[in-house]
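The structure's right below; bear with me while I get my questions together.
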Amino acid sequence: MSKFLNPSEIVAQMGLMQGQTVADLGCGNGFYVLPVAQLVGGGGIVWAIDVMEAKLAATVSISNQFGYRNVRILQADLSKPILDIPAGSCDAVVIGNILHEISDKEQLLKNAYRFLKSSGKLLVVEWKKALAPMGPSIDKKIDQTQAETWLMNLGLRKLKELNADNYHYGLLFEKI
């Protein structure tokens with residue numbers, strides 16, 4: 001297991017294919033956007049969604065730097081309904097290390113569910129609820145069992161746990 005998250009290794013475990021459409025909710029500076037953009041290729045689309053304009057600008061900049069023309073940005077508050085992306089239009093959704101930051105977690109997860117096609121995959125990467133030398137305080141971290149319960153209550157089926165690192169867990173769920 002790597003010392004810290006390697007986004008390429010994590011998204012490689014999702015089974016993404018050329019031409020797919022993926023949404024990264026809370027994309028930040030594009031941590032997961034770049035490896036996803038590479039996997040879905042020029043025929044695919046990656047929706048990079050974040051509330052912060054500066055983060056989106058950084059994502060555009062680094063995407064352009066690497067020559068990825070398949071990245072679309074959308075500024076949106078993840079704790080509110082996002083209607084700019086059609087329901088059932090995404091093959092996969094990534095929620096990487098932001099679930100603990102969002103005030104309305106239920107709405108964030110509802111957005112992800114809405115975007116997914118039937119059999120679409122949802123990747124959730126989050127901090128393990130344990131004391132660590134980095135990351136949010138333990139009271140903000142979300143227990144893996146709690147995250148799994150929320151996802152199952154939405155109507156998603158757990159496919160597998162992914163190898164993340166010593167500080168994070170990774171979950172892959174599927175829309176049924």
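So which residues in the range 38-89 are within 22 Å of Met14 (Cα to Cα) and small (Gly, Ala, Ser), if there are any at all?
Once the filter is applied, which keeps residues that are within 22 Å of Met14 (Cα to Cα) and small (Gly, Ala, Ser), the range 38-89 yields Gly41, Gly42, Gly43, Gly44, Ala48, Ser63, Ala87, Gly88, Ser89.
Please go through (1) free of Cβ contacts under 8 Å to residues at least 40 places away in the same chain; (2) among the hydrophobic types (A, V, I, L, M, F, W, C); (3) closer than 11 Å to His100 by Cα; (4) part of a strand (DSSP E or B) for Ile138 and return the number of the only condition it doesn't satisfy.
Tallying (1) free of Cβ contacts under 8 Å to residues at least 40 places away in the same chain; (2) among the hydrophobic types (A, V, I, L, M, F, W, C); (3) closer than 11 Å to His100 by Cα; (4) part of a strand (DSSP E or B), Ile138 fails exactly one: (4).
Of a type in the set (A, V, I, L, M) and not in a strand (DSSP E or B), is that true of Leu131?
Against the criterion (of a type in the set (A, V, I, L, M) and not in a strand (DSSP E or B)), Leu131 qualifies.
Next question. Where in the range 1-112 are the strands (runs of 3 or more DSSP E), entirely inside, with at least 1 residues that are surrounded by fewer than 17 Cβ atoms within 10 Å (Cβ to Cβ)?
Values: elements: 21-25, 45-50, 71-75, 90-96.
In the range 1-112, 71-75 are the strands (runs of 3 or more DSSP E) which contain 1 or more residues that are surrounded by fewer than 17 Cβ atoms within 10 Å (Cβ to Cβ).
Pro7 versus (1) out of contact with any Gly (no Cβ under 9 Å at 6 or more places or on another chain); (2) touching a residue at least 40 places away in the same chain (Cβ under 8 Å): which is the lone unmet condition?
All conditions pass for Pro7, except number (1).
Also, quick follow-up: Do the conditions hold for Ala147, that is, is it over 23 Å from Val46 (Cα atoms) and crowded, with 21+ Cβ neighbours inside 10 Å?
Taking the combined requirement at face value, the residue satisfies it.
Computed from the coordinates by the stated procedures, all read-outs in this text should not be read as laboratory data. Quantities reported herein were computed from a predicted structural model and do not represent experimental measurements. Virtual Cβ from ideal backbone geometry, glycine too; neighbours counted across all protein chains shown.
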